[in-house]
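Engineer: Mind having a look at this structure? Questions to follow.
The values are calculated or read from the model by the stated rules, or taken from the named source; none is laboratory data. Computed from a prediction, not measured in an experiment: that's the story for all the values here. Because the Cβ atoms are built from the backbone with ideal geometry, glycine has one as well, and the counts that use them run over all protein chains shown. Note: areas computed on protein heavy atoms with side chains; ligands, DNA, RNA excluded. Shrake-Rupley method; radii C 1.70, N 1.55, O 1.52, S 1.80 Å.
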Amino acid sequence: MKNSLKEKIKFFTRILGTEPDTEYMNRVYTQFTLIEFKNGQKTYVFDGAFEGHMLCTADMIGKTKEIVLVMLVLSLERVASEGKSIVPSSKHGDNYFGPILSVNGCIEEIIIQDDPKNAKRWQDAIVDFGVGKILIEIDKKYFHLQLKEGDYIHIIGRVDLRGIE
């Protein structure tokens with residue numbers, strides 16, 4: 001992820017703890033990181049080995065850090081209400097693969113891929129959910145929604161920790 005994009009979506013949150021997810025022979029390969037938003041709401045996010053290691057370390061627990069979140073979208077729809085929120089849940093149908101969150105937010109920016117082949121398959125969007133921002137991928141199956149900046153949407157998916165400072 002480009003640094004300029006990270007700058008647009010990072011926000012402060014408090015790191016409360018971690019819980020092992022994938023372990024093998026006493027080594028943790030992925031974990032769930034418990035975070036607290038500025039409104040006091042708490043949720044787990046997936047912390048995988050995207051950079052060759054997990055991003056949240058034990059010395060970060062109890063501290064306020066700037067984080068970057070990316071959502072793997074399971075469902076996406078345009079909504080009429082102008083609400084912004086993030087609601088944790090643990091499952092969505094039979095697609096369990098980590099902490100699933102429900103996000104209501106406003107599209108702040110649509111990012112069209114530089115590569116024409118990728119632009120036909122997906123776009124990215126920065127979504128403001130009130131207490132932070134998240135980057136989502138809009139798969140071509142949602143192109144019929146003709147989403148644009150300023151649209152309010154409801155998204156369900158897994159939220160991944162992609163940066164922490």
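Engineer: Looking only at the stretch 112-130, count every residue that is over 13 Å from the mean Cα position of the chain (by Cα) and modelled with pLDDT of 90 or more and tell me the total.
Structural biologist: Start the filter on the stretch 112-130 by keeping residues that are over 13 Å from the mean Cα position of the chain (by Cα), which leaves 112-123, 130.
In the following step, the residues that additionally are modelled with pLDDT of 90 or more were identified as 130.
So the count comes out to 1.
Engineer: Take the residues in the stretch 125-165 that are within 30 Å of M60 (Cβ to Cβ) and basic (K, R); name whichever of them is least open to solvent (accessible area, probe 1.4 Å). Even if it seems obvious, please write down each step before you answer.
Structural biologist: Our first condition is that a residue be within 30 Å of M60 (Cβ to Cβ); within the stretch 125-165, this holds for 125-137, 155-165.
Then drop every residue that is not basic (K, R), which leaves 133, 158, 162.
Numbers: K133: 53, R158: 33, R162: 69 Å².
Among residues in the stretch 125-165 that are within 30 Å of M60 (Cβ to Cβ) and basic (K, R), the one least open to solvent (accessible area, probe 1.4 Å) is R158.
Engineer: Within the group G163, G150, which residue is among the small types (G, A, S) and farther than 27 Å from T30 by Cβ?
Structural biologist: On the way: G163 fails: farther than 27 Å from T30 by Cβ.
Going through G163, G150 in turn, the sole match is G150.
Engineer: Would you pick out the residues in the stretch 133-144 that are modelled with pLDDT under 95 and in contact with a Lys or Arg (Cβ under 8 Å, 6 or more places away or on another chain)?
Structural biologist: D139, K140
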